Amino acid sequence: MAYKPQAGPQMAAPNVIPMADIMLVLLIIFMVVTPMLQKTHQVDLASAKNARDMKDADKDDAIVVAVTRDGSLYMGNTKITKEEITGQIKDRLANKLDKTVYVKSDARAKYGDVVAIVDEIRSAGVDQLGLLTDKTVAPGSTPKPPQPQANPGD
């Protein structure tokens, strides 16, 4: 007589423990990596009703200077001093055609600190300066969709 292996009893429920382990590992990876994806230092921006979209500020090579509530300066995620900002901006603008620098300031930053930074940026030879803000939406209204831009070549 030939040997015939016996099949064990079947499980009625799937084993989800390996899936839970994988999900927890992925969660930890995303929690660690997400703060590193931010290109600039985070501040609480001031709100404005008539804000314009500045899509170039989101580019990888955009120069963004952040002023925090306590007056600290960040170029990207690197903390710099007020004395270093002119030289840093001159170095970054040397090979660029678009000489625009974007300033994002905390809503509670001192006005004098922001003006001093703007003055330092202007002394570096900046042609265009963009002040980044949040757009205020009136309560009970829906935000208007962005208007399509006409191409000059069309």
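Every read-out reported here was derived from the displayed coordinates using simple, explicitly stated rules and does not represent laboratory data. Predicted model only: the values in this text are computed from it and were never measured. Methodologically, a virtual Cβ is constructed for each residue, glycine included, from the backbone with ideal geometry; neighbour enumeration extends over all protein chains shown.
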Exercise. Can you pull the semi-axes for the chain, root of five times each eigenvalue of the Cα gyration tensor, sorted largest first, whole Å?
Worked result: 50, 22, 18
Seminar exercise, completed: Residue-normalised 222 nm signal for the chain, counting each DSSP H run of n ≥ 4 as -39,500 (n - 2.57), nearest 500 deg cm²/dmol, is -8000 deg cm²/dmol
Exercise. Got a sec? Charge dipole of the range 1-81, +1 on Cβ for Lys and Arg, -1 for Asp and Glu; which of Val43, Ser72, Ala62 is way out at the positive end?
Worked result: Val43
For this session: Could you tell me what percent of the DSSP beta bridges with both partners in the range 1-106 are antiparallel, to the nearest 5?
Result: 60
For this session: Among DSSP beta bridges lying fully in the range 47-135, give the percent that are antiparallel, nearest 5.
Result: 35
Exercise. Taking the chain, how many lysine pairs are there with alpha carbons less than 16 Å apart, if each pair must be eight or more places apart or span two chains?
Worked result: 19
